[in-house]
1. Of all residues being away from ligand 3 (no atom under 16 Å from the Cβ) and not in a loop (DSSP other than H, G, I, E, B) in the stretch 188-211, which is surrounded by the most Cβ atoms within 10 Å (Cβ to Cβ)? Just the residue, please.
2. Could you list, in sequence order, all residues of the stretch 18-48 that are modelled with pLDDT of 95 or more, within 16 Å of ligand 3 (Cβ to nearest atom) and polar (S, T, N, Q)?
3. On the given criteria, is Lys376 closer than 28 Å to Tyr336 by Cα, modelled with pLDDT of 95 or more and of a type in the set (D, E, K, R)?
4. Taking the condition β-branched (Val, Ile, Thr), outside the structural domain of Cys161 (by TED's automatic domain parsing) and surrounded by 15 or more Cβ atoms within 10 Å (Cβ to Cβ), does Thr235 pass?
5. Quick test of your reading of the structure: Leu271 fulfils all but one of (1) touching a Ser or Thr at 6+ places or on another chain (Cβ under 8 Å); (2) surrounded by 16 or more Cβ atoms within 10 Å (Cβ to Cβ); (3) assigned to a loop (DSSP other than H, G, I, E, B). Name the failing condition by number.
6. Could you tell me whether any residue of the stretch 69-88 is touching a strand residue (DSSP E or B) at 6+ places or on another chain (Cβ under 7 Å), surrounded by 13 or more Cβ atoms within 10 Å (Cβ to Cβ) and of a type in the set (D, E, K, R)?
7. Just one of Ser18, Ser34, Ser47, Ser22 is polar (S, T, N, Q), out of contact with any Asp or Glu (no Cβ under 8 Å at 6 or more places or on another chain) and either assigned to a helix (DSSP H, G or I) or in contact (Cβ under 8 Å) with a residue 60 or more places away in the chain (or both); which is it?
8. Could you tell me which numbered condition Asp329 fails, if it satisfies all but one of (1) closer than 26 Å to Asp224 by Cβ; (2) within 12 Å of ligand 1 (Cβ to nearest atom)?
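The values are calculated or read from the model by the stated rules, or taken from the named source; none is laboratory data. Treat the numbers as computed from the prediction; the structure is a model and nothing was measured. Ideal geometry is used to build each Cβ from the backbone, glycine not excepted, and the neighbour counts take in all protein chains shown.
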Amino acid sequence: MKYYIITYGCQMNEADSSLMASLLDRAGWQEVESAAGADLIVLNTCSVRERPEHKVYSTLGELRAWKQSNPDALLAVAGCMAQRAGEEIRRRAPHVDIVLGTRWFHHIHDLVARVRAGDGPLVVSEMEEDPSAARTGNDLAADRAPLRAFVPVIRGCSNFCSYCIVPLVRGPESSRPAEDIICEVKALVGRGTREVTLLGQNVLAYGRDLPGGATFPDLLRALDPIPDLWRIRFTTCHPRDVTDELVSAMAELPSVCEHIHLPIQAGEDKLLHDMNRGYTIAQYRTTVDRLRAGVPGLALTTDIMVGFPGETEEQFEESLRLYRCIGFDAAFTFAYSPRPGTAAGEREDEVPQDTRLARLRKLIDLQNGITLSRNKAGVGEEAEVLVDGPAHRGEGLLAGRARNNKQVIVAGDQRLAGSLVRVKLAEPHLWGFRGHLDE
Ligand code: SAH
Ligand code: SF4
Ligand code: F3S
């Protein structure tokens, strides 16, 4: 039996997809890279903005023909949109056999078996914590041990930023026991993984919900000594949760990379307040100063949203001035998209869509200039690069990442894939650098 998984959304969804794949593999299924010939298709979905949701409905529409010509094949919808709109999905796409919410992905195989036995269609999206969910991953994750692996350490989010659907679809914060994470990382490294990215919607909240008071920096300290684990990354960080302990762990631990993704969202206090972000611009800047002072060579990236309800031209311009001052190495930029059930989704002072898009364009232009000038400043430096493999950009080229997470492309022997090399950074680009191997 063959399965095909299509993943939308964030790295947590990628990690969940990979776990579903391992579960199916263990049950004797085989992964394929297209719908043709698949006996099961799983869409792992995202609800964070309207657009990824539309995309899912259009993909479901396209899969109607596939389903008609493969009546015994199964179609499953998992992830955040399945959690938010399970019944609606079944109504709009009755050819969907299984809808499984965010706390159910690890039951994929049982649910498939039930539907195959005639017990379908099924919609399972209860939010209650299934005690087995937190432990899912331990030995499974190592079945697929990529060079760079994602390791969920805390699921859910309890922050309730006013625009955000994540707490509604992912439930409250729930940390995995540290010993499970350590065991999983050791297993991954034993099978060839050399870099892990510790994942959480709010990764710095790690441990708050666990007995014993372990913190995220404690987790970093526990993972750092694992032999042959070269690099540790983590994402995403809420600015309010950056502590001195985090800064010193980043500074002291050799495997922890010099990069932090610290979403700012807006650059003006009233907007931040209305977004329920829990910090002011002054506090954000102090946090950045502490990080930059404590962690030499740190790359700082962020998420920025424009067109939040009520955002005035002045607030937008003030935000741009701030972004110019801070100088992010890169930013993911978004136009606000109202989400059902969120506090901001109820607001009536929406910014018109064309204004949102015009502001987004302006922000992207500004940030592109900043990104390029920050990369220009890096030219001539030496970087340690972990080589992923052949670059998509041309024959004989290798692609990898510097410790600060910037992409580096060099000419070199394909056998360097999976190793650490020293590179002299040469041409700056928006996406990173072209460089030369240091012999
Ligand atoms: N947990 C992460 C964010 C996850 S969502 C964090 O707090 O940093 C990723 C990004 O999507 C957010 O940082 C935000 O910039 C954007 N986003 C979230 N909700 C959105 C909405 N309703 N409209 C537009 N962008 C949104
Ligand atoms: Fe959403 Fe805020 Fe939680 Fe991030 S911290 S997932 S933006 S509620
Ligand atoms: Fe999207 Fe869910 Fe991730 S809403 S961003 S897939 S947590």
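1. Val196
2. Matches in the stretch 18-48: Asn44, Thr45, Ser47.
3. Values: closer than 28 Å to Tyr336 by Cα: no; modelled with pLDDT of 95 or more: yes; of a type in the set (D, E, K, R): yes.
Here the answer is no, as Lys376 does not meet what is asked.
4. no
5. (3)
6. Within the stretch 69-88, not a single residue is touching a strand residue (DSSP E or B) at 6+ places or on another chain (Cβ under 7 Å), surrounded by 13 or more Cβ atoms within 10 Å (Cβ to Cβ) and of a type in the set (D, E, K, R).
7. Numbers: Ser34 fails: either assigned to a helix (DSSP H, G or I) or in contact (Cβ under 8 Å) with a residue 60 or more places away in the chain (or both); Ser47 fails: out of contact with any Asp or Glu (no Cβ under 8 Å at 6 or more places or on another chain); Ser22 fails: out of contact with any Asp or Glu (no Cβ under 8 Å at 6 or more places or on another chain).
After applying the criteria, what remains is Ser18.
8. So Asp329 meets the others, but not (2).
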